[in-house]
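K.L.:
A single structure is presented below for examination.
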Amino acid sequence: MLRDDLGAYLDGLLEAARYRDYCPNGLQVEGRADVRRIVCGVTASQALIDAALERSADAILVHHGWFWKNEDGRVTGFRKRRMQTLLAQDINLFAYHLPLDAHGEYGNNAQLADRLGWMTTGRFAEQEIGFVGVPPAPTVADDLVTQIGRVLGRTPLLVGDGRRLVKKLAWCSGGAQGYFEQAILAGADLYVSGEISENTVHLARESGVPYLAAGHHATERYGVMALGRHLAERFDLVCDYVELDNPV
C-alpha cells in the first residue's frame, strides 16, 4: 500500500482534521513510499523503533508521537537518536492522539468500554473526547476496581467512596484527570481515567464521586491494537502490536 494512501485513509477514518490537538496528527516522519508491514504501539519510543527495525517494518503507528506543543524543538540527545534511526532506515511514523482517543469504534475509550463490558450512552468534555455509559449491572466502586485490574493486568488506584453504587460512569483514557469535574456534572457515579493529580483526591472526597486511576499506558493500548487489526484485514497488511512494559 502506498504511504500517502495509507495516511489519507487514516486521516479520514479518524477524522483527524476536526480535532484541536497538542501535536500534529497523521504522518509525522516520512519514510519509504510503499508500506507492507506496520508496527503498532502506544508511544514512539526508541524501544518501539528498535522493535520496528527487528521486524523490518515500513511504518510505525502510535498514539503518542512527537512534536508536542511547548516541547523543546531541538533535535538533540534522545530526539536525535530517535529521528536518526527512522530516517536512516526510511521508516514512516504515523501518530494519532485525540482522534484515537475519541473514535467511536477503534478509539481508546470505545475499546476500553468494549473490554470491560460497558455500554456507551453519551459523550462529555472538550471535543466530546470523554465517554459516559453504564456497567452491565449496578455495582459498587470497589468491585469495579477488581474487574478493571483483572482486565488491564495492573492494580488501579481508587480514591473516594469505594462502597458507592455505580449505575452511571464516565471514562476518558490517559491523562484526563482534568475532566473529573465535568464527569461529575455529567451525572457519573464514578470517573475512570489513566493518571491522577494531587487535587483529584480532594475532589473525589468532597464530591462523593470516586475516582479510579487505571494507568495511562494501560488504558491506551487497545485503540492502536484495534486500528492495526482493522488495517490488516482491510488492506492485507502485516500489523504487529508491540507491548512495551510501562508501569504508569
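K.L.:
Here are the criteria: (1) within 22 Å of the chain's Cα centre (by Cα); (2) acidic (D, E); (3) exposed (fewer than 15 other Cβ atoms within 10 Å of the Cβ). Tell me which single one E195 does not satisfy.
P.N.:
Failing condition for E195: (3).
K.L.:
Can you tell me how many residues in the range 211-238 are of a type in the set (G, A, S), surrounded by 24 or more Cβ atoms within 10 Å (Cβ to Cβ) and more than 30 Å from V159 (Cβ to Cβ)?
P.N.:
Qualifying residue count, the range 211-238: 0.
K.L.:
Do we find that N70 is assigned to a loop (DSSP other than H, G, I, E, B) and either over 19 Å from G7 (Cα atoms) or not charged (D, E, K, R) (or both) in this structure? Show your work before the answer.
P.N.:
Values: assigned to a loop (DSSP other than H, G, I, E, B): yes; either over 19 Å from G7 (Cα atoms) or not charged (D, E, K, R) (or both): yes.
Spelling it out, N70 is indeed assigned to a loop (DSSP other than H, G, I, E, B) and either over 19 Å from G7 (Cα atoms) or not charged (D, E, K, R) (or both).
K.L.:
Condition first: under 17 Å from the mean Cα position of the chain (by Cα) and assigned to a loop (DSSP other than H, G, I, E, B). Now tell me which residues in the range 230-248 satisfy that.
P.N.:
Result: V242, E243, L244, D245, N246, P247, V248.
K.L.:
Is at least one residue of the range 160-180 in contact with a Gly (Cβ under 7 Å, 6 or more places away or on another chain), hydrophobic (A, V, I, L, M, F, W, C) and either surrounded by fewer than 19 Cβ atoms within 10 Å (Cβ to Cβ) or under 30 Å from L53 (Cα atoms) (or both)?
P.N.:
No: zero hits.
K.L.:
Quick one: count up the residues across the range 112-131 that are in a helix (DSSP H, G or I) and either within 14 Å of Y179 (Cα to Cα) or in the same structural domain as L48 (by TED's automatic domain parsing) (or both).
P.N.:
The first filter runs over the range 112-131 and keeps only residues in a helix (DSSP H, G or I), leaving 112-116, 126-128.
Retained after the next criterion (residues that are either within 14 Å of Y179 (Cα to Cα) or in the same structural domain as L48 (by TED's automatic domain parsing) (or both)): 126-128.
The total comes to 3.
K.L.:
Tell me which residues, restricted to the range 111-124, are without any contact (Cβ under 8 Å) to a residue 60 or more places away in the chain, crowded, with 16+ Cβ neighbours inside 10 Å and not charged (D, E, K, R).
P.N.:
Within the range 111-124, A113, L116, W118 meet the criteria.
K.L.:
Taking into account only those residues within the range 55-72 that are under 18 Å from L237 (Cβ atoms) and surrounded by fewer than 22 Cβ atoms within 10 Å (Cβ to Cβ), which is nearest to the chain's Cα centre (by Cα)?
P.N.:
Of the residues in the range 55-72, the ones under 18 Å from L237 (Cβ atoms) are 55-62.
Now narrow it down to the ones that are surrounded by fewer than 22 Cβ atoms within 10 Å (Cβ to Cβ): 55-56.
Working: R55: 23, S56: 25 Å.
Looking at residues that are under 18 Å from L237 (Cβ atoms) and surrounded by fewer than 22 Cβ atoms within 10 Å (Cβ to Cβ), I get R55.
K.L.:
How many residues are among the polar types (S, T, N, Q) and either crowded, with 20+ Cβ neighbours inside 10 Å or in contact with a Pro (Cβ under 8 Å, 6 or more places away or on another chain) (or both) when one looks only at the range 73-110? Steps first, answer last, please.
P.N.:
Quick first cut of the range 73-110, residues among the polar types (S, T, N, Q) only: 76, 84-85, 89, 92, 108-109.
Of the ones still in play, those that are also either crowded, with 20+ Cβ neighbours inside 10 Å or in contact with a Pro (Cβ under 8 Å, 6 or more places away or on another chain) (or both) are 92, 108-109.
Total meeting the criteria: 3.
K.L.:
Look at T43 and say whether it is among the β-branched types (V, I, T), within 16 Å of E243 (Cα to Cα) and surrounded by fewer than 20 Cβ atoms within 10 Å (Cβ to Cβ). Quick ask: steps written out before the conclusion?
P.N.:
Values: among the β-branched types (V, I, T): yes; within 16 Å of E243 (Cα to Cα): yes; surrounded by fewer than 20 Cβ atoms within 10 Å (Cβ to Cβ): yes.
Here the answer is yes, as T43 does meet what is asked.
K.L.:
Among the residues of the range 51-65, is there at least one that is within 24 Å of Y19 (Cβ to Cβ), modelled with pLDDT of 95 or more and out of contact with any strand residue (DSSP E or B) (no Cβ under 7 Å at 6 or more places or on another chain)? If you could, list the steps in order and put the result at the bottom.
P.N.:
Kept after step one, since they are within 24 Å of Y19 (Cβ to Cβ), are these residues of the range 51-65: 59-65.
Applying the additional criterion that residues be modelled with pLDDT of 95 or more yields 59-65.
Imposing the further condition that a residue be out of contact with any strand residue (DSSP E or B) (no Cβ under 7 Å at 6 or more places or on another chain) reduces the set to none.
Within the range 51-65 (the criterion being within 24 Å of Y19 (Cβ to Cβ), modelled with pLDDT of 95 or more and out of contact with any strand residue (DSSP E or B) (no Cβ under 7 Å at 6 or more places or on another chain)), the answer is no, since none of the residues qualifies.
K.L.:
Taking only the range 3-16 into account, find how many residues are closer than 19 Å to W66 by Cβ and either over 16 Å from the mean Cα position of the chain (by Cα) or of a type outside the set (A, V, I, L, M) (or both). Spell out the reasoning first.
P.N.:
Kept after step one, since they are closer than 19 Å to W66 by Cβ, are these residues of the range 3-16: 3, 6-7, 10-11, 14, 16.
Pick out the ones that are also either over 16 Å from the mean Cα position of the chain (by Cα) or of a type outside the set (A, V, I, L, M) (or both) and you get 3, 6-7, 11.
The total comes to 4.
K.L.:
Also, quick follow-up: Take A183 and tell me if it is in contact (Cβ under 8 Å) with a residue 40 or more places away in the chain, surrounded by 21 or more Cβ atoms within 10 Å (Cβ to Cβ) and either under 22 Å from V224 (Cα atoms) or among the charged types (D, E, K, R) (or both). Don't jump to the end; show me each part of the working.
P.N.:
Values: in contact (Cβ under 8 Å) with a residue 40 or more places away in the chain: yes; surrounded by 21 or more Cβ atoms within 10 Å (Cβ to Cβ): yes; either under 22 Å from V224 (Cα atoms) or among the charged types (D, E, K, R) (or both): no.
It is false that A183 is in contact (Cβ under 8 Å) with a residue 40 or more places away in the chain, surrounded by 21 or more Cβ atoms within 10 Å (Cβ to Cβ) and either under 22 Å from V224 (Cα atoms) or among the charged types (D, E, K, R) (or both).
The values are calculated or read from the model by the stated rules, or taken from the named source; none is laboratory data. The shown structure was predicted, so the numbers you read here are calculated from the model rather than taken from an experiment. Cβ: placed from backbone, ideal geometry, glycine included. Neighbour counts: every protein chain shown.
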